[in-house]
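Working notes, structure below.
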C-alpha cells in the first residue's frame, strides 16, 4: 500500500477490523517513512449486481456511491464517517442477500434513508429531498409528517415524565 501522504511503499498494519457481515475489512496503517496514519478498506472487487436507475438505465452497484450520498446528506452534521460506512455496508449486504443480478435504485435509496433516519433526522430529510425529487412543498411535508409526529410523541413523553417528578 502506498502512503497517501509521502507516497512511500512501506507501512505496518496497526489495527484490523472486519465488519459484522465479513464483507469489509478496515485496516489502520502507519507509514514507516513519515509515521502518519491512514485507513484502508478492503472489499470484494467484483460485484455483478447492476442497479436499475429511475430512467431505466443500468450501471454496476457501487457501495462508494451510497457512502458519497450519505456523506453529502450529513454535511455539517455530527455523524461519524464510520457510522455512515456501517450504513453503506448494511445496504450492500441487503442488496447482495436479496438480489442476484439487478436491483432497483429505489430499493437502495429506501435502505439508505432508513439507516439515516435512525442516525440523524436532518440528514434523513436532506437525503430524502434529493432522492425522492419532491415536486412541491406538499410532498415534502408528507415526508416530514412522520418525523414531526414522532418528535411530538417523544416530547410529550418527556413532558409527562417531568410532570410526575
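What does a probe at residue 50 reach in region 93-128, counting residues whose amide N is under 12 Å from the point 7 Å along Cα→Cβ?
101-103
Want the number for residue 102 to residue 32: 0.36 nm per residue separation, take away the alpha-carbon distance, what's left?
Value of the extension gain: 20.9 nm.
Considering the chain as a Gaussian network with a 10 Å cut-off on Cα pairs, which listed residue, 101, 93, 28, attains the greatest mean-square fluctuation?
Result: 28 has the largest fluctuation of those listed.
What number, in percent, do you get for the relative contact order of the chain if the mean sequence gap of Cα pairs under 8 Å and at least 6 apart is divided by its residue count?
15
What translational diffusion coefficient, to the nearest whole µm²/s, does region 1-67 have by Stokes-Einstein, given a Kirkwood radius computed over alpha-carbon pairs, a temperature of 25 °C and 0.890 mPa s viscosity?
Stokes-Einstein gives a translational diffusion coefficient of 173 µm²/s.
Would you indicate which of (1) 33, 16, 16; (2) 39, 25, 12; (3) 35, 24, 15 is the value of semi-axes √(5λ) of the Cα gyration tensor in Å derived from the coordinates of this structure?
Derived directly from the coordinates: (3).
To test your reading of the geometry: what angle, between 0 and 90 degrees and rounded to tens, separates the Cα axis of helix 63-73 from the longest principal axis of the chain?
On a 0 to 90 degree scale, this one is about 50.
Contact order normalised by length for region 2-79, with contacts defined as Cα pairs under 8 Å and 6 or more residues apart; what percent is it?
18
Once the Cβ-Cβ distance between residue 39 and residue 121 is put in as r, and R0 is 30 Å, what FRET efficiency do you end up with, to the nearest 0.05?
0.60
For region 47-139, just list the percent of Cα-Cα distances falling in each 10 Å bin from zero outward, please.
Answer for region 47-139: a P(r) of 17, 49, 29, 5 percent.
Starting with the highest mean, order 84-92, 30-38 by the number of other Cβ atoms within 10 Å, averaged over the residues of each peptide.
Output ranking for 84-92, 30-38: 84-92, 30-38.
Computed from the coordinates by the stated procedures, all read-outs in this text should not be read as laboratory data. Since the structure is predicted, the reported quantities are computational estimates derived from the model, not experimental observations. Cβ sites come from the backbone with ideal geometry, for glycine too, and all protein chains shown count toward neighbours.
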